[in-house]
Each structure stands twice: as C-alpha cells, then as structure tokens.
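Asks: The structure under discussion is supplied below as structure tokens; questions concerning it will follow.
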Amino acid sequence: MSSNAIWALPLAIVMFGCARAERGPREPTTATPAPAPSAIGGGPRDPDLVPGEGRPDPGRADRMVESRKDEFRNACYSTDRGIVSLIIDVTITPEGRVQRAAIASVDGDPKVAECVRARIEQMTFPETAEGGVHTFTFLFAD
C-alpha cells in the first residue's frame, strides 16, 4: 500500500467527521462573494498579495532575505572565520525602505554580522500597508 493511501483514510475521516459534528441552525452569512475574473486582468492571482485582501504580503520580506542567504554567505563569510550565527532585526517602512538594521545577536566573527547587516540595509522590500519589524537569523558554517 502506498504512503498516500495510508494518509487518505484518516484525512477523510477527519474532514467528514468535523463537518458532521457541527449542529444547530446556521447563521446567515453576509460576506459578499469574490468577483468573477474579468476578461481584462483575469488569470493567475499575484502570489505576493495576501489572499482575499489585495494588499502586499508582509511575509514576502522574509522570503526575499531567505532567497538571498547564499549571496550573503558568498559575500560575507569564509570558512577560516569558523562558525558564525547571527540575528538581525530590521525595521522596514511601508514604502519598503530599510529604516534600521541592527545586529541583535552574534556568535562568532562580528565582521561577518556587520557585512550581512550592511547588505540588508541596502535592500528594498515590497510596499506593505503598515511596514514592520522583521527578525532574520543566519548560520554560516563549513
């Protein structure tokens, strides 16, 4: 039996069991349905928007830094520096500019941490409704 089949039955029980457990009269919903895609602008949804809200996804900043970790490693770290772990707190404005990037913690060579901090400080992030503070962690080792 395949591993997918093993999970299918318990998943089906949970899904259908939860639906049957709901009892009593249902409240009428006042939510308006999402508009149908038009011929103009229809097509795939933007993955960088929060589903159902149409505003930029604040988690995109985390994904941007995560996708560049190899770049930070290549620019700031070499194996002769030993193991380096660091945490950087970054305040991003609603316009996507880095207002402040601060090293919150470093274990190892502080020059590596400063290099990563300076590179993050130069980044531009997507606009969001509120901006915010993000914490990024890095571990460099050979």
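The values are calculated or read from the model by the stated rules, or taken from the named source; none is laboratory data. Only a predicted model underlies this, so the values are computations on that prediction, with no experimental measurement involved. Glycine gets a Cβ as well: all are built from the backbone with ideal geometry, and neighbour counts include every protein chain shown.
Asks: Within region 116-133, which residues are modelled with pLDDT of 90 or more, surrounded by 14 or more Cβ atoms within 10 Å (Cβ to Cβ) and not in a loop (DSSP other than H, G, I, E, B)?
Replies: Val116, Arg117, Arg119, Ile120, Glu121
Asks: Give me the pairs, please: first residue somewhere in region 63-82 and under 17 Å from Glu121 (Cβ atoms), second residue anywhere and surrounded by 15 or more Cβ atoms within 10 Å (Cβ to Cβ) and among the β-branched types (Val, Ile, Thr), beta-carbon distance under 7 Å, and either six or more positions apart or on two chains.
Replies: Val65/Ile120; Phe72/Val116; Cys76/Val112; Cys76/Val116
Asks: Let me ask another. Out of (1) surrounded by fewer than 18 Cβ atoms within 10 Å (Cβ to Cβ); (2) outside any loop (DSSP other than H, G, I, E, B); (3) out of contact with any Ser or Thr (no Cβ under 8 Å at 6 or more places or on another chain), what's the single condition that is false for Val65?
Replies: (1)
Asks: Sticking with this structure for a sec: Being farther than 13 Å from Val65 by Cβ, touching a residue at least 24 places away in the same chain (Cβ under 8 Å) and buried (at least 16 other Cβ atoms within 10 Å of the Cβ): is that true of Ala113 here?
Replies: Criteria met by Ala113.
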